[in-house]
Amino acid sequence: MNDLPDQLANGLALGALYGLIAIGYTMVYGIVQLINFAHGEIFMIGGFGALTAWLWLPAGTSLTLALPLMILLGVVCAVLVGVGAERFAYRPLRGGPRLSPLITAIGLSLALQQAIWAFYPDAKKARPFPQFEGGDFDLGFVSIAREDLFIYVAALVCMLTLGLFVSKTRTGRAMQATSQDPDTAKLMGVNTDRIIVMAFAIGAAFAAVAAIAQGFKTGEVQFRMGFIAGLKAFTAAVLGGIGNIYGAMVGGLVLGVGEAMAIAYIGNVPGMEQFGGGSWKDVWAFALLILVLLIRPQGILGERVTDRA
């Protein structure tokens, strides 16, 4: 029990990371009813974009000075891929059978993964990612790693910015209108194509920030990193209520804390010794999803429901 504050801190950091990725899933679904299974690879490309910025800089450059450029290039790469996917892969299929965009998303996911594997230098193996120097921050009752602090700050800034954008700006209100009824929004003068592109762009930008955070946390980026992260983020979006922006972050936090607690304590339960440790973390994450959906199928904060013919 003495480790409980540290485990909670680890879980919250992991959950914030999942939540940042999950926002991309939930925004796109809330507006166009599409599960973008290529979102995990957009997350991965954001990480490689940030790594590219770091490699471009002169040797010995401080990570603190390099961080803004890494975030900028990572976000730009992810947004370009996300917007390109919407324009050339998903938009031509809009209004068609629901299965077509889903299959396209899976195919695009594999194509992006293999493109990085084939064309990024030395991407066939994990590429080292820069790390923060210095020890953890000791707050007395809990120690917070520098990379976890980055995740906390990034998630808080992203969520506050998104909340203000959606509630206070004209484009944000247009996104809400398009989510509720795209046909009526179009009749009221809303450019729904532009709003959909904006949703893909925002989700991709948040995913890039999450990829940088994961790179700091694990010390590497690799071309397969988007697969499991994408599944976990989708799980977080469903947990919170698919289509609900704030639900995505809540679902991510619940998933992250649940996963951290399971890793730390399941193995200490009599008769459960073989189910503890990190090798079972994915199992417990999806077990938590099943449990929540059995109790509350619409998710923790409720799914955004739209009545579309």
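The values are calculated or read from the model by the stated rules, or taken from the named source; none is laboratory data. Predicted, not measured: the structure shown is a model, and the values here were computed from it. Because the Cβ atoms are built from the backbone with ideal geometry, glycine has one as well, and the counts that use them run over all protein chains shown. For accessibility, only protein heavy atoms count, side chains too; no ligands or nucleic acids. Shrake-Rupley method; radii C 1.70, N 1.55, O 1.52, S 1.80 Å.
Here are the numbers for the structure shown:
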quantity	calculated
Which of GLN114, TRP54, ILE144, positive extreme of dipole for segment 16-224 (C-beta unit charges)	GLN114
Mean Cβ count within 10 Å, highest first, over the residues of peptides 181-188, 251-258	251-258, 181-188
Percentage relative contact order, segment 16-224, counting C-alpha pairs under 8 Å, at least six apart	41
Helical segments meeting 20 Å axial Cα length and Kyte-Doolittle 1.6 threshold in the chain (DSSP H)	63-85, 281-295
Surface share of carbon and sulfur [accessible, 1.4 angstrom probe, percent] for the chain	66
Value of relative contact order over segment 214-268, rounded to a whole percent, pairs C-alpha under 8 Å and six or more apart	20
In Å², nearest 10: area of LYS168 left accessible to a 1.4 Å probe	140
Förster-model FRET efficiency, 41 Å R0, LYS125 and LEU99, C-beta, rounded to 0.05	0.70
Helical contribution to [θ] at 222 nm, DSSP H n ≥ 4, -39,500 (n - 2.57), averaged over the chain, rounded to 500	-23000 deg cm²/dmol
Accessible area of LYS125 in the full protein assembly, 1.4 Å probe (Å², nearest 10)	130
Point-charge dipole on Cβ atoms (K/R +1, D/E -1) for the chain, about Cα centre, debye to 20	1080
Surrounding net charge for ALA262, when Lys and Arg each add one and Asp and Glu each subtract one, Cβ distance under 12 Å	-1
Alpha-carbon centroids, segment 81-138 and segment 167-204: separation in whole Å	24
Accessible area per residue, Å², segment 16-224 with all protein chains present, probe 1.4 Å	47
Segment 38-135: relative contact order as a whole-number percent, Cα under 8 Å and 6+ apart	34
TRP56/ILE290 FRET efficiency (R0 51 Å; Cβ-Cβ; nearest 0.05)	0.70
Additional length obtainable on full extension of the chain from LEU156 to ASP181, 0.36 nm per residue less Cα span	6.1 nm
